[in-house]
1. Give me the pairs: first residue in the range 43-61 and without any contact (Cβ under 8 Å) to a residue 40 or more places away in the chain, second residue open to solvent by 60 Å² or more (accessible area, probe 1.4 Å), beta-carbon distance under 6 Å, and six or more apart or on different chains, which are they?
2. Take the range 80-139 and flag every residue that is part of a strand (DSSP E or B), in contact with a Leu (Cβ under 7 Å, 6 or more places away or on another chain) and surrounded by fewer than 13 Cβ atoms within 10 Å (Cβ to Cβ).
3. Might you let me know whether the range 69-77 holds any residue that is open to solvent by 80 Å² or more (accessible area, probe 1.4 Å) and touching a Phe, Trp or Tyr at 6+ places or on another chain (Cβ under 6 Å)?
4. Which of the residues spanning the range 29-42 are of a type in the set (D, E, K, R), in contact (Cβ under 8 Å) with a residue 40 or more places away in the chain and open to solvent by 40 Å² or more (accessible area, probe 1.4 Å)?
5. So which residues in the range 12-28 are open to solvent by 20 Å² or more (accessible area, probe 1.4 Å) and within 13 Å of Tyr93 (Cα to Cα)?
Amino acid sequence: MLIISETKLKVRYSETDQMGVVHHGNYAQYLELSRINWLSKLGISYKSMEDNGVMLPVYEIEFKFKKPAFFDDELTIKTILKKEPTARIHFAYEIYNQDHELVTTATTTLVFVNSKTRKPIVCPSYVLEQIRMKQSNLY
């Protein structure tokens, strides 16, 4: 299973440090934006998931910073689902600048959680259905 989505964003000045480099703390937000976009392109609203009692907190996150990104760079975030989710969903990410240079790689593991009980649950069937429909597509 390989489902890939691309999200583009422009680095804002407020996301950079005194050296003009994107502060490492902003990358978690970039990944969140790309995951929400990935779900949206699958036809799933994160808000509707939460309205239906499903949350997706981050369980694990890892970054490898290859080169700096700067103010006004246009970044492309490739979000990659490599296997079908269970109670957990695993993503890999590649972040490129406008010159197609690899800036950062990352991985995240999120857990499907019942918002009332705060206990893990299996991936909702409607999410699995959409994933299976989009299997092996770049969208």
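1. Listed by first residue and then by second, the contacts come to Tyr46/Ile36.
2. none
3. Yes, that holds for at least one residue.
4. Across the range 29-42, the qualifying residue is only Lys41.
5. Passing the criteria: only Ala28.
Yes/no matrix, rows are residues, columns are (1) in a helix (DSSP H, G or I); (2) at pLDDT 95 or above; (3) closer than 22 Å to Lys66 by Cβ:
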residue	(1), (2), (3)
Ser5	no, no, yes
Leu9	no, yes, yes
Ser14	yes, yes, no
Asn26	yes, yes, yes
Gln29	yes, yes, yes
Glu32	yes, yes, yes
Gly43	no, no, no
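The values are calculated or read from the model by the stated rules, or taken from the named source; none is laboratory data. No experiment lies behind these values; they were computed from the predicted model shown. As a convention, Cβ positions derive from the backbone with ideal geometry for all residues, glycine included, and neighbour counts pool all protein chains shown. Just so you know, the surface numbers come from the protein's heavy atoms only, side chains and all, with ligands and any DNA or RNA stripped out. Shrake-Rupley method; radii C 1.70, N 1.55, O 1.52, S 1.80 Å.
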